[in-house]
Amino acid sequence: MKILANDGISNEGKAALEKAGYTVITDKVNQDDLISYVNANNIEIILVRSATTIRQVVIDACPGLKLLGRGGVGMDNIDVAYAREKGLTVINTPASSSQSVAELVMGHLFAGARFLHDSFKQMETGDFSTLKKKYGKGIELRGKTIAIVGFGRIGQSLASYALGCGMKVLAVNNHAINVEIPLEIPGFGEVKVPVQSTNDLNGALKEADFISLHIPKQADGSAVIQKEQFDLMKKGVVLVNAARGGVVNESDLLEAIAAGKVAYAGLDVFENEPNPRADLLNNEKIGTTPHIGAATNEAQDRIGLELADLIIKQFGVQVPA
């Protein structure tokens with residue numbers, strides 16, 4: 001079977017698939033050329049990350065497809081329900097990137113608390129004394145309250161880091177769940193901290209000093225965090241979105257920053273990727289990263305191996321290894 005890993009796959013994942021007899025193609029095919037390439041090369045499996053989209057038109061035009069795979073958690077770039085209706089298998093790797101995304105969020109939290117995102121850019125050209133005064137009013141994470149909106153694997157992984165920093169965790173989830181968050185302490189062992197989630201988003205927003213979003217893009221395209229929600233937040237709150245572009249209304253965010261409601265926003269995702277609006281990128285109170293939540297070597301290795309494992313379980317070994 002031929003696999004097109006259009007957004008790439010780790011060397012480990014590729015090697016595992018090739019050992020099992022699959023042909024893995026890592027050519028980057030432009031979106032407009034995807035249908036013709038798949039049909040001309042008899043591709044039966046397409047693997048994507050976040051760049052390539054697999055919509056109904058691709059599924060209908062490529063009858064030879066048998067499986068679609070997303071290297072990551074969210075699958076909003078694939079028409080999942082339609083693909084399954086047409087008999088295709090659709091897989092993703094929800095567990096592989098949780099830690100990497102959580103660590104990026106922690107980076108944004110520290111950056112916002114200590115103005116690192118802006119200080120890094122200004123040190124070379126700025127006046128030291130002026131900058132020291134400008135950036136000398138940071139805050140500590142310890143003792144603060146973080147609302148983690150969306151308490152799946154990534155949210156729970158983030159909770160472990162936040163608890164380790166001495167933060168109070170408010171978990172927000174559609175369905176109330178009681179989770180024991182494991183904290184692994186080298187040389188000591190594992191400590192488990194019980195966290196009870198709530199479905200009261202508004203209540204959590206009122207109480208939080210820091211907010212991190214881990215929710216999918218809404219089916220109707222509406223933002224979960226917009227003016228109504230910003231109005232509920234504490235003055236000087238720190239907000240991080242490493243989930244999906246469009247979860248936060250970007251215009252309302254800019255207004256909240258201008259009004260002093262939001263002291264810092266960390267954005268790894270944007271409504272208009274890969275070309276985010278300039279007023280987000282140029283705002284000194286917004287730290288931006290180019291959708292790299294899962295982009296660590298460790299996560300990509302885990303993602304590649306998990307995809308390979310799922311494919312081999314589905315279709316078996318193609319030739320003797």
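The values are calculated or read from the model by the stated rules, or taken from the named source; none is laboratory data. Note that the structure is predicted; figures quoted are calculated from it, not measured. A quick note on method: Cβ atoms are made from the backbone with ideal geometry, for glycine too, and the neighbour counts reach across all protein chains shown. These area figures cover heavy atoms from the full protein model, side chains too; ligands, DNA and RNA do not enter into them. Shrake-Rupley method; radii C 1.70, N 1.55, O 1.52, S 1.80 Å.
Does segment 1-33 hold any residues that are more than 25 Å from the chain's Cα centre (by Cα) and of a type outside the set (Gly, Ala, Ser), and which are they? Those that are more than 25 Å from the chain's Cα centre (by Cα) and of a type outside the set (Gly, Ala, Ser): 1, 2, 17, 18, 19, 22, 23, 24, 25, 32, 33. The set of residues in segment 103-148 being in contact with a Ser or Thr (Cβ under 6 Å, 6 or more places away or on another chain) and either under 30 Å from residue 197 (Cβ atoms) or surrounded by 18 or more Cβ atoms within 10 Å (Cβ to Cβ) (or both) consists of 105, 148. I'd like the residue in segment 175-194 that is within 19 Å of residue 98 (Cα to Cα) and within 22 Å of the chain's Cα centre (by Cα) and, out of all such residues, is surrounded by the fewest Cβ atoms within 10 Å (Cβ to Cβ). Of everything passing the filter in segment 175-194, 182 is surrounded by the fewest Cβ atoms within 10 Å (Cβ to Cβ).
Among the residues making up segment 290-309, those that are over 15 Å from residue 97 (Cβ atoms) and either out of contact with any Leu (no Cβ under 6 Å at 6 or more places or on another chain) or charged (D, E, K, R) (or both) are 290, 309.
Among the residues of segment 30-58, how many are in contact with a strand residue (DSSP E or B) (Cβ under 9 Å, 6 or more places away or on another chain), open to solvent by 10 Å² or more (accessible area, probe 1.4 Å) and of a type outside the set (Ser, Thr, Tyr)? Outline the logic, then answer.
Our first condition is that a residue be in contact with a strand residue (DSSP E or B) (Cβ under 9 Å, 6 or more places away or on another chain); within segment 30-58, this holds for 34, 37-38, 41-50, 52-55, 58.
With open to solvent by 10 Å² or more (accessible area, probe 1.4 Å) added as a condition, the list becomes 37, 41-42, 44, 49-50, 53, 55.
Of the ones still in play, those that are also of a type outside the set (Ser, Thr, Tyr) are 41-42, 44, 49, 55.
Residues that pass the stated criteria total 5.
The residues of segment 119-167 that are touching a residue at least 60 places away in the same chain (Cβ under 8 Å) and closer than 18 Å to residue 104 by Cβ, listed by number, are 141, 146, 147, 148, 149, 150, 151, 152, 153, 154.
In segment 92-111, the residues that are touching a residue at least 12 places away in the same chain (Cβ under 8 Å) reach residues that are surrounded by 24 or more Cβ atoms within 10 Å (Cβ to Cβ) and among the basic types (Lys, Arg) with C-beta atoms within less than 8 angstrom, at least six apart or across chains, in these pairs: 92/70; 93/70.
When segment 153-162 is filtered for residues that are open to solvent by 40 Å² or more (accessible area, probe 1.4 Å) and not charged (D, E, K, R), the ones remaining, listed by number, are 156, 161.
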